[in-house]
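Reviewing the structure listed below.
Just so it is clear, none of the values below were taken in a lab; they were calculated from the coordinates. Fair warning: this is a prediction, and the values are worked out from it, not measured in the lab. Quick reminder, even Gly has a Cβ in these numbers, built from the backbone with ideal geometry, and neighbours come from all protein chains shown.
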Amino acid sequence: MMLTIVKQITTDKNFILIGTGFAAYKTSKPATYMVNRVPKADEGVIPMVAVCDENGEISWMKTDEIKIVDINGELPLNILKDK
């Protein structure tokens, strides 16, 4: 079993990484008469991770809001320097 600890960048608080996923969205604005006959659409995905805190409460965070600080008791730097 792999244990990964992540740190939320804005709060400096540690969490346990549970898994990854994506949030998807799609919005559209209706077309206006005479100006634009095609509705304006916007869509995309947001990379997310599921984490839990010290109380076991699960939450989702964007991947750009966290950084990995520990994998099975080792710093990412120490794992990658041998590769």
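If you take all other residues with their beta carbon under 14 Å from the beta carbon of GLU65, and give Lys and Arg +1 and Asp and Glu -1, the sum is +2.
Straight-line reach from LYS40: taking Cα to Cα under 18 Å and skipping same-chain neighbours fewer than 8 places apart, the lysines in range are LYS26, LYS29.
On the beta carbon distance between ILE16 and GLU65, with R0 = 22 Å, the FRET formula returns roughly 0.90. In plain terms, the chain from ASN55 to LEU80 could stretch by 5.9 nm, reckoned as 0.36 nm per residue minus the Cα-Cα distance. For the options LYS62, LYS13, LYS26, a Gaussian network treatment of the chain with springs between C-alpha atoms closer than 10 Å singles out LYS26 as fluctuating the most.
Tell me, in nm to one decimal, what length is gained between ASN72 and ALA41 on full extension, where the rule is 0.36 nm per residue of separation less the Cα-Cα distance? Each step should come with its number before you reach the end.
Details: separation 31, 0.36 × 31 = 11.16 nm, distance 4.34 nm.
So the extension gain works out to 6.8 nm.
Three principal axis extents of the chain based on alpha-carbon atoms, in descending order, are 63, 35, 25 Å. Within straight-line reach of LYS67, meaning a Cα separation under 17 Å, sit the following aspartates and glutamates at least 8 residues removed in sequence or on another chain: ASP12, ASP53.
Is it possible to state the helix-based mean residue ellipticity at 222 nm for the chain, with each DSSP H run of 4+ residues giving -39500 (n - 2.57), the sum divided by total residues, to the nearest 500 deg cm²/dmol? What is it? Write out the running numbers ahead of the final one.
Numbers: 1 runs with 6 residues, N = 83.
Dividing the helical sum by the residues of the chain leaves -1500 deg cm²/dmol.
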